[in-house]
Each structure stands twice: as C-alpha cells, then as structure tokens.
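Everything on this sheet refers to the single structure shown next.
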Amino acid sequence: AGAADQSPPWQSFEYHTMNMVAQALSRAEILKLIPHQGSMCLLDRVCGWSDEALEARTLSHLRVPHPLASDGRLRAIHLCEYGAQAMAIHGGLLGLQRGVPAQPGLLVSLRAVQLNCDFFETYSGELVVRAESLLVQPASWQYQFTVLHGGELLATGRAAVIAASNNKRVVTPDGELP
C-alpha cells in the first residue's frame, strides 16, 4: 500500500492517543456518565481519553447471562453497541470537562461497518473498545469506533448520533415511545 492509501495522521486513532489523558475510570464512574445501567453498561473501565478519542476495556462479553445474547450467543453486530457506549462515555467526559451535562443522543446511523467474526462470547480476555470523534455539531456527532481482542480487529465502523429532544416523540415500528 502506498502513501495515498494511508489515512492522514489527524484521522488515525494513534494520532489522537498522543494527547490522551491517562485517567482511568471505573465502571461505577462510567455508570454516572451514560444512560446504560446494570448489565446494559457493557464497558468496564476507561483507560484514557482526549478531546478527540477514548479507549475502554471490558470483559462483559464473558458474563452470563448477557443482555444482548440470543441463545447464549453474542453476534458480531452487537460490537457496534460496544462502540456506541464508548461514544456515549466520551460525550459524558467532554460534558464534565466543560461543566455541562452531556446531551442524550439517539444512534441514527451505522456506516462502513466491518465485522471480522460471527460471534464473540468465546473470546477470552479483554475487548479493547476505541471511539474517535470525526464531527461534532451542537446537536449531532459522528464517530469512528473499533473493537479489538488481543490486537485482532473484530469490528470497526462509523456511527452518527443526534441529540434527543425531551419534547419530541420517537416513532418506532412498534409504535410511539414517550
């Protein structure tokens, strides 16, 4: 691969990790930042973060029962939720840094998702979950996420989130949600 095939350094996770705060957050601290509670909080700890990126780790894929499991299996598509939770934690940390609560968001789009396994509940050891902000607007955010195990890329993709409004209702195929 030539130089034209490589991402510019400002678009690579390694570039953003140069300025990461080596501040670990526990699961208890994560629970204060995101709406995902109980077993739906999939990430165990944050290893570091910057204004542009976050790295978290977890063993939650080994816990039984798992809230996303179907017939005891965790499908690779569920790795996107791990990435989305890293995004939510990053947003919460940025809000704390600025002295304002993080704005709740709705995941509206997944793009360029690459899944390199079918299931992942049998992978021993920690998953490494990274989120990198690509675009931040007042009411929308776009991130790149990656999920790795032992240096092996399990999943990657981009996700778009829009701010949730307290005065609007969301219509789903099952009906209206308050």
(request) Work out the charge dipole of segment 51-160 with +1 on the Cβ of Lys and Arg and -1 on the Cβ of Asp and Glu about the Cα centre, then indicate which of Tyr143, Val129, Leu79 is farthest towards its positive end. (result) Tyr143
(message) As a test of reading the structure, rank Leu106, Leu96, Leu54 by solvent-accessible area (1.4 Å probe, protein chains only), most first.
(response) Leu96, Leu106, Leu54
(message) Need one number: convex hull volume per residue for segment 36-178, Cα atoms only, in Å³.
(response) 128 Å³
(message) With a 1.4 Å probe and all protein chains kept in place, how do Asp118, Asp51, Asp71, Asp44 rank by accessible area, largest first?
(response) Asp71, Asp118, Asp51, Asp44
(request) Would you compute, for the Cα atoms of segment 70-119, the largest minus smallest coordinate along each principal axis and list the three values in descending order, in whole Å? (result) 41, 25, 16
(request) On the protein heavy atoms, probe 1.4 angstrom, tell me the percent of accessible surface of segment 32-178 carried by carbon and sulfur. (result) 53 percent
(message) Please report the accessible area of Leu25 (heavy atoms, 1.4 Å probe, ligands and nucleic acids excluded) in Å², nearest 10.
(response) 10 Å²
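The values are calculated or read from the model by the stated rules, or taken from the named source; none is laboratory data. The shown structure was predicted, so the numbers you read here are calculated from the model rather than taken from an experiment. We place every Cβ from the backbone using ideal geometry, glycine too, and count neighbours over all the protein chains shown. With ligands, DNA and RNA removed, areas are computed over all heavy atoms of the protein, side chains included. Shrake-Rupley method; radii C 1.70, N 1.55, O 1.52, S 1.80 Å.
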